[in-house]
1. Rank these residues by their accessible area, most exposed first, probe 1.4 Å: H23, H8.
2. What accessible surface, in Å², does a 1.4 Å probe find on E43, ignoring ligands, DNA and RNA and rounding to the nearest 10?
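The values are calculated or read from the model by the stated rules, or taken from the named source; none is laboratory data. Everything numeric in this text was worked out from a predicted model, so none of it was measured. Ligands, DNA and RNA are stripped out before the accessible areas are found, and what is left, the full protein with its side chains, is counted by its heavy atoms. Shrake-Rupley method; radii C 1.70, N 1.55, O 1.52, S 1.80 Å.
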Amino acid sequence: MLIGRLFHVSYTVEGTWRLLKRHGWSWRQPARRAIERDDGAVELWKKEVWPRVKAVRRRATAGSGFAAGASDGCRWRV
């Protein structure tokens, strides 16, 4: 959508990915860290907040859409 507005062309998602990859871009890892990054705040968040967030997560159960029909090739239960 942004590419279309800025450059008046349209690409599929796959085409956009190929174009970015051709120019050395990756969606997985930023080229550099943000200047505004506060490493102390990140470490504090990892130690204090993340364990609480992680503990609240529920395990996948039948009917939740995870692994329920994986063996028969179906990704989602209907």
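1. My answer, sorted largest first, is H8, H23.
2. Ignoring ligands and nucleic acids, E43 comes out at about 80 Å².
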